[in-house]
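> First, the structure itself, so that you have it in front of you.
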Amino acid sequence: MDKFTSVRGAAAPLLIDNINTDQITPVQFMRALEPDYQAGLFARWRADPNTPFVLDRPRFHRAPILVTGGNFGCGSAREVAVWALAAHGVRCIVARSFSEVYRESLIKNGMLPIVLDPPSGAAFERCVVDVDGRLPFEVDLVRNTIVCPDGKAFSFAIDPGERTALLEGLDDVAMTMRHRSRIEAWEKEAAMRQPWLQRIADPPTGS
């Protein structure tokens, strides 16, 4: 997966709680032979001509940062709901909270999920709404900060293993192989200590 170190650009406000994966990408887009993930992104909401959707506004075209509400990505496990955001250009989502399954899927696809503490989150959301896409924000995973256009910075926490995976662009297998020498040493020791476990027994025959 792609490495994530920092991203700079517009922060699009979609401050709605409990946005589920079917709202992010309706199920019919999963059934197409050659799905257009970007077209599927929030397709029902974007189809309403009376309410221009935030990501369709020119200043938020390809916005790399999405700012949203609580329990983002709830509902069914649907990886296309991550791929659709990636197809739009989103690399970082700042939410009040995430569905855990969806959050894990974001990380596995090289996207950064951030939850700020409540006071910082409220102040950051106010800044995003006030700026309204006119100036860029910067999310820096090396320093674990979000920097607003006025220079105000918000710190965020992330699991060290997840941070390493994103910074180095490592999937689960690659993260495991970082410990290859220790794994091989353990396997060698186990083979000496319990050699009978290394033999493949013949399957039992029927009576």
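> Based on this model, can you work out whether GLY75 counts as at positive phi, touching a residue at least 24 places away in the same chain (Cβ under 8 Å) and crowded, with 18+ Cβ neighbours inside 10 Å?
It is false that GLY75 is at positive phi, touching a residue at least 24 places away in the same chain (Cβ under 8 Å) and crowded, with 18+ Cβ neighbours inside 10 Å.
> With a cut-off of at least 2 residues that are at pLDDT 90 or above, name the helices (runs of 4 or more DSSP H) lying wholly within the range 126-207.
Hits in the range 126-207: 160-168.
> What's the total number of residues in the range 123-132 that are open to solvent by 40 Å² or more (accessible area, probe 1.4 Å) and either in contact with a His (Cβ under 7 Å, 6 or more places away or on another chain) or within 25 Å of THR21 (Cα to Cα) (or both)?
1
> Those residues that are of a type in the set (D, E, K, R) and over 20 Å from ALA157 (Cα atoms), I need them from the range 49-103; list them, please.
Of everything in the range 49-103, those that are of a type in the set (D, E, K, R) and over 20 Å from ALA157 (Cα atoms) turn out to be ASP56, ARG57, ARG59, ARG62, ARG78, GLU79.
> Please go through the range 27-41 and pick out each residue that is open to solvent by 80 Å² or more (accessible area, probe 1.4 Å) and part of a loop (DSSP other than H, G, I, E, B).
Scanning the range 27-41 gives ARG31, LEU33, GLU34, ASP36.
> Taking the conditions exactly as written (closer than 26 Å to VAL131 by Cα and surrounded by fewer than 13 Cβ atoms within 10 Å (Cβ to Cβ)), does PRO64 satisfy them or not?
No, not satisfied.
> Given the conditions (1) at pLDDT 95 or above; (2) surrounded by fewer than 12 Cβ atoms within 10 Å (Cβ to Cβ), which single one is not true for ASN18?
(2)
> Residue under question is PRO119, and the condition is that it be open to solvent by 60 Å² or more (accessible area, probe 1.4 Å), not charged (D, E, K, R) and not in a loop (DSSP other than H, G, I, E, B); does it hold?
yes
> I've got another one for you. Any chance you could count how many residues in the range 67-86 are of a type outside the set (Val, Ile, Thr), over 11 Å from the mean Cα position of the chain (by Cα) and under 22 Å from LEU135 (Cα atoms)?
Looking only at that region, the number is 1.
> Moving on. Would you check if there is a residue in the range 129-138 being of a type in the set (Gly, Ala, Ser) and touching a strand residue (DSSP E or B) at 6+ places or on another chain (Cβ under 9 Å)?
Yes, the range 129-138 contains a residue that is of a type in the set (Gly, Ala, Ser) and touching a strand residue (DSSP E or B) at 6+ places or on another chain (Cβ under 9 Å).
> Looking at ARG96, ARG143, can you tell me which residue is under 18 Å from ALA11 (Cβ atoms), surrounded by fewer than 20 Cβ atoms within 10 Å (Cβ to Cβ) and touching a helix residue (DSSP H, G or I) at 6+ places or on another chain (Cβ under 7 Å)?
None of the others qualify; the one that does is ARG96.
> Which one is surrounded by the most Cβ atoms within 10 Å (Cβ to Cβ) among residues in the range 42-56 that are at pLDDT below 95 and in a loop (DSSP other than H, G, I, E, B)?
PHE53
> Now for a separate question. Going through LEU135, LEU112, LEU106 one at a time, which residue ends up being touching a residue at least 40 places away in the same chain (Cβ under 8 Å) and either on the phi < 0 side of the Ramachandran plot or open to solvent by less than 30 Å² (accessible area, probe 1.4 Å) (or both)?
Result: LEU112 is the single residue among LEU135, LEU112, LEU106 that is touching a residue at least 40 places away in the same chain (Cβ under 8 Å) and either on the phi < 0 side of the Ramachandran plot or open to solvent by less than 30 Å² (accessible area, probe 1.4 Å) (or both).
The values are calculated or read from the model by the stated rules, or taken from the named source; none is laboratory data. Quick caveat, the model's predicted, so the values are computed rather than measured. A quick note on method: Cβ atoms are made from the backbone with ideal geometry, for glycine too, and the neighbour counts reach across all protein chains shown. Areas reflect the complete protein model, heavy atoms only, side chains present, ligands, DNA and RNA absent. Shrake-Rupley method; radii C 1.70, N 1.55, O 1.52, S 1.80 Å.
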